[in-house]
Amino acid sequence: MIDPLQRWSEYGEKPDFAGLLTYGGQPYTEDPAELAGADVAIVGAPTDDLVSDRPGTRYGPRAIRAASCPPGPHLETGVDALGALRVVDFGDAPIIPADAARSHEAIEATVRQVVEAGVLPVVLGGDHSISEPDVKACATRGSVGLIHFDTHTDTGTEVFGVEFSHGTPMFKLVEAGVVDPERYVQIGLRGYWPGREEFDWQRERGITSFFMHDVRDRGIKAVVADTLAAVGAGRVFVTVDIDVLDPAYAPGTGTPEPGGMTTGELLWACREVTSKVELVGADVVEVIPTAVGSADITALAADRVVRELLTGLALARRKESSTRS
């Protein structure tokens, strides 16, 4: 007879709808000392005080965790990222509602704890303004390259006359010297913002932009190949705004724009880039959940983006290990 108090760990698996809500059912800790030996730490950044349209991304980290699936092998690669990597859930940064400046300080400090422990952070947003503290915390040894999946460039100097916004973080990171503009690539741009001024600023600094017509006409594999060539060797941060997807695949976001990428294109691209670059961190942002768990297709897509980022990292680590041996 099975003991009704037998723990899930003794069965070797746990249903994703039961137990403490952590990413992929992975161990939870808020103690930096317990990060020792981990490869990746999941960090939540539940803030949306700087959005310019629909709010709700403060619920994104919880929704992505709820939509995350338990460990298992990736059927295309044969790699179980949650088995190959030691992943822990480091909880949420202690944000302060209605105080965006202090929330950003808390996010940067929390991600920095992960980096200082020698662990790679994957941050769940939150609006795209969180990329500023995320990338700053990861740029511990000078400027980094940036691979940026998004409908929008987020390189505005201001949005509605406000400099501190989810539409300005990439401008601020480049101007501060945190991101090397010549190793910065944007993928999936479309729609009606930004304008000539922002694109002139980008061209002057050598930022590479791939629009949706590039993805449609040339294919995602060609675009990713050119992206990897542009970022070259060196440390790279990957940021994914879920609105890079067509709203048919990700309706739950603040500034949806028709004509975007398919989920299949984005998932493959995330896995490919993280398997080929020297990854220092990543974030997935702008998810506004409307349902619970995997019933929310936007949160589900975001979870699978995270899983593909981890799968690419596991493939890269496996390649490094085989090369050393």
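Any read-out appearing in this document is the output of simple, stated calculations on the displayed coordinates, not a laboratory observation. Bear in mind that the values here come from a model prediction, so they are computed numbers and not experimental data. Here the Cβ positions follow ideal geometry from the backbone for every residue, glycine too, while neighbour counts run over all protein chains shown.
At-a-glance table
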item: Ordering of 144-153, 208-217 by burial proxy (mean other Cβ atoms within 10 Å per residue, highest first); result: 144-153, 208-217
item: Extended-chain gain in nm, criterion 0.36 nm per residue less alpha-carbon gap, SER52 and LEU21; result: 8.2 nm
item: Whole-Hz ³J(HN,Hα) from phi, Karplus 6.51 cos²θ - 1.76 cosθ + 1.60, for region 247-255, glycine and proline x; result: x, 4, 9, 8, x, x, 8, x, 10
item: Whole-angstrom gap from region 296-323 to region 134-204, using each part's C-alpha centre; result: 24 Å
item: Sequence-distant aspartates and glutamates (8 or more away, or on other chains) whose Cα lies within less than 15 Å of LYS276; result: ASP226, GLU308, GLU320
item: Hz values of 3J(HN,Hα) by residue in region 118-128 - Karplus curve (6.51, -1.76, 1.60), Gly and Pro given as x; result: x, 10, 8, x, 10, 9, 9, x, x, 7, 6
item: Potential extension, THR290-GLU30 segment - 0.36 nm per residue separation minus Cα distance; result: 90.8 nm
item: Region 120-211: antiparallel DSSP beta bridges as a percent of all, rounded to 5; result: 10 percent
item: Label-point separation, ASP99 to ALA316 (7 Å along Cα→Cβ), nm; result: 3.6 nm
item: Alpha-carbon centroids, region 60-124 and region 215-288: separation in whole Å; result: 18 Å
item: Residues with amide H under 5 Å from that of LEU120, placed H, sequence gap 5 or more; result: VAL40, ALA41
